[in-house]
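Worksheet for the structure shown next.
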């Protein structure tokens, strides 16, 4: 079974792939950085994980 986007009819093999795609149409960003003072939000959780690197001290 394929899961079809109701906005553009693109289809996906898994509903877990369809959900973040739909966020590109709605602008929803449900994943928020929890670091105090940082208010960045992301539609894709992997982008949030990558963002956390900006809060880590730089290695010399």
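Since every read-out is calculated from the coordinates, none of them should be taken as a lab result. Note that the coordinates shown come from a computational prediction; the quantities given were computed from them, not determined experimentally. Methodologically, a virtual Cβ is constructed for each residue, glycine included, from the backbone with ideal geometry; neighbour enumeration extends over all protein chains shown.
Suppose we keep only residues that are under 13 Å from the mean Cα position of the chain (by Cα) and part of a loop (DSSP other than H, G, I, E, B) within segment 19-60. Which one would you say is surrounded by the most Cβ atoms within 10 Å (Cβ to Cβ)?
Here is the first cut: in segment 19-60, the residues under 13 Å from the mean Cα position of the chain (by Cα) are 19-33, 40-51.
If we keep only those that are part of a loop (DSSP other than H, G, I, E, B) too, we end up with 27-30, 33, 40, 43-44.
Values: 27: 7, 28: 13, 29: 14, 30: 13, 33: 16, 40: 14, 43: 18, 44: 16.
Per the stated criteria, the residue is 43.
Within segment 46-60, residues that are under 11 Å from residue 31 (Cβ atoms) reach partners that are surrounded by 10 or more Cβ atoms within 10 Å (Cβ to Cβ) with beta carbons closer than 7 Å, at six or more positions or on different chains, in the pairs 48/31; 48/33; 48/42; 51/33; 51/40; 51/42.
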